[in-house]
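A short worksheet on the structure shown next.
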Amino acid sequence: MDSLGSALWPVLLIGVASNLDNLGVGVAYGTLGIAIPPGPNLLIALIALGETLLAASLGRLVADLLPAAVADGLGAAMIVAVGVWILRGGPGSEGGLAGLMRHPRAADRDGSRSIGLGEAMFLGQALAMNNAVQGVGAGLMGLPPWAVAATGAGFSYLCTWGGAAGARSLGSRRLGRWTRLAAGALLILVGLNQLPLDNWL
């Protein structure tokens, strides 16, 4: 990736795709009347920031050890693979984020109808899984780790807040299906576009 300008749109799209689950979670909690106050929401975003920065930096370090075309190809393939994985259902268990999307009340462990800081750490770890995996792929493609992390954290906060704010008019289950489809499709689009085909043909 030659410049921040050329990296801007894939960074933005990865940031959006990494956090569409946050939108669905925000709607789910808003529909149930479970509040996510600004402080806990900020903590969720900071968890995404830290995990994405570490993952993208690791990807960048590995990329420096490989020929550019190989690193770009691996990163793009990883992004495509994550997109396909999300389209097939994401985390394939009742635990983690999949379980939270089916049973949103699980994160409100004390039944207070408000997500506290401790509960936000649990929720943030579940939501940051996608950010971390995609961060490695972004780093391999040469995208700036700090830009990927900051964008991911910003969209994390906005999507969680926006989902809760729109909960009155949107159904959480329906939105969850659409956000998964949109996230998977966006990642596949970004990955395919970043494949260094000219270097392999």
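Every number in this text was worked out from the coordinates using simple rules, so none of it is lab data. None of the values given here were measured: they were computed from a predicted structure. Neighbour counts are summed over all protein chains in view; Cβ atoms, including those assigned to glycine, are modelled from backbone coordinates with ideal geometry.
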Along Cα→Cβ, 7 Å out, is where each label goes; now give me the distance between the ones at Phe122 and Ala165 in nm to one decimal. 2.8
Surface/4 estimate of mean projected area, convex hull on alpha-carbon atoms of region 126-169, nm²: 3.4
Under 5 Å between amide hydrogens, which residues at least 5 positions from Ala35 or on another chain qualify, with H placed 1.01 Å from N in the peptide plane? Ser114, Ile115
Per-residue counts of other Cβ atoms within 10 Å, averaged by peptide: what ranking do you get for 14-21, 185-192, 62-69, highest first? 14-21, 185-192, 62-69
Euclidean distance of C-alpha centroids, region 1-69 and region 143-158, integer Å: 5
Points 7 angstrom from Cα along the Cβ direction at Trp9 and Ala81: gap in nanometres? 2.6
Calculate one ³J(HN,Hα) per residue across region 31-48 by plugging θ = phi - 60° into the Karplus curve 6.51 cos²θ - 1.76 cosθ + 1.60, and present them in order as whole Hz with x for glycine and proline. 5, 8, x, 9, 7, 10, x, x, x, x, 5, 5, 5, 4, 5, 5, 4, 4
Full-extension gain between Arg88 and Ala150, please, as 0.36 nm times their residue separation minus the C-alpha to C-alpha distance. 19.6 nm
